[in-house]
1. Can G101 be described as in contact with a helix residue (DSSP H, G or I) (Cβ under 6 Å, 6 or more places away or on another chain), within 25 Å of M7 (Cα to Cα), of a type in the set (G, A, S) and surrounded by 19 or more Cβ atoms within 10 Å (Cβ to Cβ)?
2. Here is a list: T13, T32. Which entry is modelled with pLDDT under 90 and buried (at least 20 other Cβ atoms within 10 Å of the Cβ)?
3. Pairs, please: C-beta under 9 Å, at least 6 apart or cross-chain, first residue on the phi > 0 side of the Ramachandran plot and in the range 37-53, second part of a helix (DSSP H, G or I) and among the charged types (D, E, K, R)?
4. If you take the residues in the range 126-163 that are surrounded by 15 or more Cβ atoms within 10 Å (Cβ to Cβ) and at pLDDT below 90, which one is farthest from M1 (Cα to Cα)?
5. Select from the range 97-130 the residues that are without any contact (Cβ under 8 Å) to a residue 40 or more places away in the chain, assigned to a helix (DSSP H, G or I) and not polar (S, T, N, Q) and list them in ascending order.
6. Scan the range 1-43 residue by residue and report those that are farther than 29 Å from M145 by Cβ and part of a helix (DSSP H, G or I).
7. Among the residues in the range 28-50, are any closer than 30 Å to N134 by Cα and out of contact with any strand residue (DSSP E or B) (no Cβ under 7 Å at 6 or more places or on another chain)?
8. Residue by residue through the range 57-75, note down the ones that are open to solvent by 30 Å² or more (accessible area, probe 1.4 Å) and within 12 Å of the chain's Cα centre (by Cα).
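The values are calculated or read from the model by the stated rules, or taken from the named source; none is laboratory data. Source: prediction; values computed, not measured. All Cβ positions, glycine included, derive from the backbone under ideal geometry; neighbour counts span all protein chains shown. Side chains included, ligands, DNA and RNA excluded: accessible areas come from the protein's heavy atoms. Shrake-Rupley method; radii C 1.70, N 1.55, O 1.52, S 1.80 Å.
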Amino acid sequence: MTLFIFMRVFLATIMIAAACLKLLSIPSFKRTLLQLGIFVRNPLIGVLVIVGLEFAAGILMFWDAVHRWGLLLNVILIAGYCWAVWRTVRTKMAITCNCFGDLMPDQLGKKTVYRIALLFLITIALYWGDTSINSIEGFEILIAMLISIAVLAFTALSKSFIDYKKIV
């Protein structure tokens, strides 16, 4: 497995996980959208649109014929994430980021910018690194997905530990 294929599976898995975790915490994600001032009339529509775009971006990256559409959706989502951080900084509000639902709630700010930058760099690298995922066995893709989920779980566990230490 090449680094580009791993990054593609990693990004796809992260996008799908983010969508699923947002669905598991709809009330808090609706609250975030309301704080940002978007989808005020019906925040559930906003939740479904954003979750649908994230899910579609992740799924599309698993097929060679349409993976660039998934990357394009990623760029659109990243632009939306950047706007949310910009709006938060501009209005000086404390808005909770629900990037991964209630698994890792955090304030929109500098840490969010780092995550967005990482997603953007991976997306750009994948746009230029054209490799076929069809040349990889399903078992290797599964391992890459599990590693991606493990990275997400380790990040959430680390954040919980750091937050706990701040309280104690």
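1. Working: in contact with a helix residue (DSSP H, G or I) (Cβ under 6 Å, 6 or more places away or on another chain): yes; within 25 Å of M7 (Cα to Cα): yes; of a type in the set (G, A, S): yes; surrounded by 19 or more Cβ atoms within 10 Å (Cβ to Cβ): yes.
Against the criterion (in contact with a helix residue (DSSP H, G or I) (Cβ under 6 Å, 6 or more places away or on another chain), within 25 Å of M7 (Cα to Cα), of a type in the set (G, A, S) and surrounded by 19 or more Cβ atoms within 10 Å (Cβ to Cβ)), G101 qualifies.
2. Working: T13 fails: modelled with pLDDT under 90.
When all the criteria are applied, what remains is T32.
3. Going by the 9 Å Cβ cut-off, the qualifying pairs are G37/R87; F39/K30.
4. That would be K159.
5. K110, K111, V113, Y114, R115, I116, A117, L118, L121, I124, W128
6. First, the residues of the range 1-43 that are farther than 29 Å from M145 by Cβ: 31, 34-43.
Answer for the range 1-43, where residues must be farther than 29 Å from M145 by Cβ and part of a helix (DSSP H, G or I): R31, L34, Q35, L36, P43.
7. Of the residues in the range 28-50, the ones closer than 30 Å to N134 by Cα are 49-50.
Of the ones still in play, those that are also out of contact with any strand residue (DSSP E or B) (no Cβ under 7 Å at 6 or more places or on another chain) are 49-50.
Checked against the condition, which is being closer than 30 Å to N134 by Cα and out of contact with any strand residue (DSSP E or B) (no Cβ under 7 Å at 6 or more places or on another chain), the range 28-50 yields at least one hit.
8. To start, the set of residues in the range 57-75 that are open to solvent by 30 Å² or more (accessible area, probe 1.4 Å) comprises 59-60, 62-66, 68-69, 72-73, 75.
Of everything in the range 57-75, those that are open to solvent by 30 Å² or more (accessible area, probe 1.4 Å) and within 12 Å of the chain's Cα centre (by Cα) turn out to be L73, V75.
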